[in-house]
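Below: one structure, written as structure tokens.
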Amino acid sequence: MVERLLILGGTAEAAALARAATAAFGDALEVTTSLAGRLPDRPDLPGRLRVGGFGGADGLASFLRAEQIDRLIDATHPFAAVISRHAAEACAQADVPRLVLIRAAWTQQPGDRWIDAGDLGHVAALLPGLARRVFLATGPGGIEAFASVPGVWFLVRVFAPPAEPLPLPDHATIVARPPFTIAGETAMLETHRIEAVVTKNSGGPTEAKLAAARALALPVVMIRRPPAPPGGLVERVEDALAWLARRQ
Ligand code: NAP
């Protein structure tokens with residue numbers, strides 16, 4: 001019997017899972033990947049792609065029923081807490097088995113100078129006493145939290161050109177996508193005379209900036225993750241494949 005899998009995506013892991021699941025299960029599994037549609041381009045993935053919100057948990061539950069989805073894997077970003085909450089509610093409503101695939105968090109290495117922060121507002125309050133030139137690697141979402149931070153110049157890295165000017169008085173923008181190298185990140189931090197780095201604890205492959213900050217002895221304001229979604233959780237694509245291989 002053909003099973004239908006919905007992957008909630010928007011991460012490198014979700015794309016890797018779509019490819020690996022298609023390769024492993026072939027015609028026995030119909031894979032649909034769902035993206036929020038924040039970025040203009042579309043990844044080249046096997047299976048079907050759908051783009052845009054579902055309209056809350058109820059909308060997602062309706063989608064699961066209408067599309068006769070057998071299983072859902074929530075492979076969204078660790079900071080995408082709303083869609084993960086909706087996925088938990090929708091799967092409960094529609095009685096669809098759900099697994100969370102969430103990449104491991106980064107942990108401090110010898111030489112790191114991390115400062116723990118709860119959210120962007122907390123970071124904004126910390127910065128004036130910490131640095132005058134800050135590399136902001138948190139993406140455009142919520143950037144208005146920094147709009148009135150006094151005496152700080154920001155270097156903001158985004159994956160796509162912002163649709164509107166960023167609401168920061170004193171800043172420069174870099175549009176770039178991973179992969180990033182330690183040499184490249186170090187050069188960027190040095191060129192812009194950065195004194196502190198701000199990042200979410202996303203985990204995963206964009207850690208070159210952390211190694212660069214370590215090499216330059218820069219403080220890193222590390223925004224801690226929201227609580228993980230409830231239910232079964234794995235950190236690696238292989239473990240998600242093993243879950244798919246088990247009959248429900
Ligand atoms: P969010 O705050 O958790 O979700 C906001 C709304 O966006 C959701 O309620 C849902 O709309 C829609 N949505 C989010 N992910 C979706 C998906 N995969 N498919 C369909 N609709 C989705 O999400 P976010 O933090 O803005 O992240 C949006 C997307 O970007 C996610 O796919 C995430 O994996 C990716 N991403 C996020 C970050 C980050 O730092 N947050 C970083 C890298 C990538 P409805 O309520 O209408 O269904």
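Taken together, the values in this text are just the output of simple stated rules run on the coordinates, not laboratory data. It should be emphasised that the depicted structure is a prediction, and the values quoted were computed from it without experimental measurement. So basically every Cβ, Gly included, is an ideal-geometry build from the backbone, and we count neighbours across all protein chains shown.
With each label modelled as a point 7 angstrom along the Cα→C-beta vector, the GLU67-ARG42 pair spans 1.3 nm. In this entry, the range 1-60 is assigned a mean projected area of 4.5 nm², taken as a quarter of its C-alpha convex hull surface. Taking each DSSP H run with n ≥ 4 as -39500 (n - 2.57) and averaging over every residue of the chain yields -9000 deg cm²/dmol at 222 nm.
Dipole magnitude for the range 113-223: about 240 debye, using +1 per Lys or Arg Cβ and -1 per Asp or Glu Cβ, origin at the Cα centre. Simple point charges give the picture: +1 on the Cβ of Lys and Arg, -1 on the Cβ of Asp and Glu, and for the range 1-82 a dipole about the Cα centre of about 140 debye. Derived value for the chain: Kirkwood hydrodynamic radius 19.4 Å. Basis is the mean of 1/r over every pair of different alpha-carbon atoms.
Loop-located trypsin sites (Lys or Arg not before Pro) across the range 178-224 with a Cβ neighbour count of 15 or fewer within 10 Å are ARG193, ARG224, with loop assigned by DSSP. For the range 113-223, the pair-distance distribution built from all alpha carbon pairs, in bins 10 Å wide starting at 0, is 14, 53, 32, 1 percent. Per residue, the average separation of C-alpha pairs within less than 8 Å and at least 6 apart gives the chain a relative contact order of 21 percent.
Under a 5 Å amide H cut-off, with hydrogens placed 1.01 Å from N, LEU233 pairs with VAL100 among residues at least 5 apart or on other chains.
The angle separating the long axis of helix 56-66 from the principal Cα axis of greatest extent in the chain is about 30 degrees. Against the main long axis of the alpha-carbon atoms of the chain, helix 182-191 sits at an angle near 40°.
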